Amino acid sequence: MMAKVRIFLEMIKFEHTLFALPFAYVGAILGAVTVEKRLPEWSECGWILLAMVGARTAAMGLNRLIDKAIDARNPRTANRAMPAGLLKSTEVIVYIVISFVLLFWAAAKLNPLAVKLLPIAVFMTVIYSYTKRFTWACHIVLGLTLGLAPLGGWVGVTGGVTWEAIILYVTVALWSAGFDIIYACQDVEFDRKEGLHSIPARFGIAGALWIARAFHVLTAVGFALILALTDLSWWYFAGMIVSAALLLYEHRLVKPNDLSKLNAAFFTMNGILSAVIFVFTFIDLVVIRSW
């Protein structure tokens, strides 16, 4: 049983939960300070953690289940657990159900609005994996799904939604969509052959990278708007500058004729960026103000 669990966690890249988790806590801290003039309670932070683990695990499990046949035909993904026969569909469904139960339980422990918004989150996690079958805007749908992390953190501690929360949501959605476009460049020929839709398949790798750059420029603008609309100060500003530099470096790593550093651009840079925004927000709103 434990061997199966380990295979499942490896299949869904459980460690990549760290991509979205820092932004969930950014939403929680910023929401609590902006709306309620307080810091999140430890219990709220714990339930947000469990909600994030449940949401991402369910989403990735669904993605692997829905794309099982496609992954089997793609040389890059043919060795994943399900195409390779290491996990059965029924086993993955059990893990997905457990993950959704964890998500609903955590949301119920936070506040009523978190529960009421859950159907939207569930719909987004399900529909994303199907979108590449009919629209090249699938990356945007993924971004709008991952952007629910900071919005969920905000709602989890405040029980409401403000314009600041919406801007944070859109900003993270643009960031996520941008790096997903970059990641999809490695499958452009396969997608075209299979009749799958993506921005690289529709506009070519060069065009896709320009679209990703545009999304990330808007991401930087969004981070600046958050600074302007909240009580954040110079520490957050410093983190915002570092994150902009990381985005710039990410795009320098990937070229239309050279995708050899794509994994570094996708995994390393984006993991660091989410951590940077969280750390500098935490210093600004928690550490400095506690002095």
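Which one is farthest from the chain's Cα centre (by Cα) among residues in region 219-248 that are polar (S, T, N, Q) and farther than 15 Å from Leu174 by Cβ?
Checked region 219-248; the qualifying residue farthest from the chain's Cα centre (by Cα) is Ser233.
Which of the residues spanning region 71-94 are farther than 16 Å from Leu196 by Cβ, open to solvent by 30 Å² or more (accessible area, probe 1.4 Å) and part of a helix (DSSP H, G or I)?
Across region 71-94, the qualifying residues are Ser89, Thr90, Glu91, Ile93, Val94.
Arg252 is checked against (1) within 30 Å of Arg73 (Cα to Cα); (2) open to solvent by 60 Å² or more (accessible area, probe 1.4 Å) and fails just one. What number does that condition carry?
(1)
Helices (runs of 4 or more DSSP H) wholly in region 99-216 with at least 3 residues that are open to solvent by 40 Å² or more (accessible area, probe 1.4 Å) and among the hydrophobic types (A, V, I, L, M, F, W, C) - which ones?
118-131, 138-146, 163-184
For every residue, the table says whether it meets (1) open to solvent by 20 Å² or more (accessible area, probe 1.4 Å); (2) under 27 Å from Arg76 (Cα atoms).
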site: Met240; (1), (2): yes, no
site: Ala245; (1), (2): yes, no
site: Leu259; (1), (2): yes, yes
site: Leu262; (1), (2): no, yes
site: Thr268; (1), (2): yes, yes
site: Ala275; (1), (2): yes, no
site: Phe280; (1), (2): yes, no
site: Ile283; (1), (2): yes, no
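Looking at Leu9, Leu30, Leu18 in this structure, which one is at pLDDT 90 or above and either over 26 Å from Ala228 (Cα atoms) or open to solvent by less than 10 Å² (accessible area, probe 1.4 Å) (or both)?
On inspection, the qualifying residue turns out to be Leu30.
The values are calculated or read from the model by the stated rules, or taken from the named source; none is laboratory data. Small disclaimer: the values here were computed from a predicted structure and weren't measured. Using ideal geometry, Cβ is built from the backbone for each residue, glycine included, and neighbour counts are taken over all protein chains shown. In case anyone asks, the SASA skips ligands and DNA or RNA and just uses the protein heavy atoms, side chains included. Shrake-Rupley method; radii C 1.70, N 1.55, O 1.52, S 1.80 Å.
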